[in-house]
Amino acid sequence: MLKEDAKRYVLAKWWALPPEERRTENQAAGFAMRMANEVHFRAHAERYQLIMGWLLKHLSRE
């Protein structure tokens, strides 16, 4: 999977969660860990760290 496709997939799954399950950084961390194991894409950085970065940008907007 390409990195941009993975990002779209992860964020779609994140937004599909009920709001109460995507409020905190701890919730984002657990979700990022699951997604890092589920979604495979080439990256120079660790997948978990990239996914956390994607999620944290959206946490601050809620």
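The values are calculated or read from the model by the stated rules, or taken from the named source; none is laboratory data. Model, not experiment: these values are computed from the prediction. Neighbour counts run over all protein chains shown; Cβ positions are idealised from the backbone, glycine included.
Here is the figure for the range 12-36: residues that are touching a helix residue (DSSP H, G or I) at 6+ places or on another chain (Cβ under 7 Å), touching a residue at least 40 places away in the same chain (Cβ under 8 Å) and farther than 16 Å from L50 by Cβ total 1. Residues that are in contact with a Phe, Trp or Tyr (Cβ under 9 Å, 6 or more places away or on another chain) and among the small types (G, A, S) were ranked within the range 1-45; the one that is nearest to K57 (Cα to Cα) is A28.
Looking at the chain, none of the helices (runs of 4 or more DSSP H) lying wholly inside it contains 1 or more residues that are among the β-branched types (V, I, T), in contact with a strand residue (DSSP E or B) (Cβ under 9 Å, 6 or more places away or on another chain) and exposed (fewer than 10 other Cβ atoms within 10 Å of the Cβ).
Out of M1, M52, which single residue is touching a helix residue (DSSP H, G or I) at 6+ places or on another chain (Cβ under 8 Å), of a type outside the set (K, R) and modelled with pLDDT under 95?
Working: M52 fails: modelled with pLDDT under 95.
Only one candidate passes the filter, namely M1.
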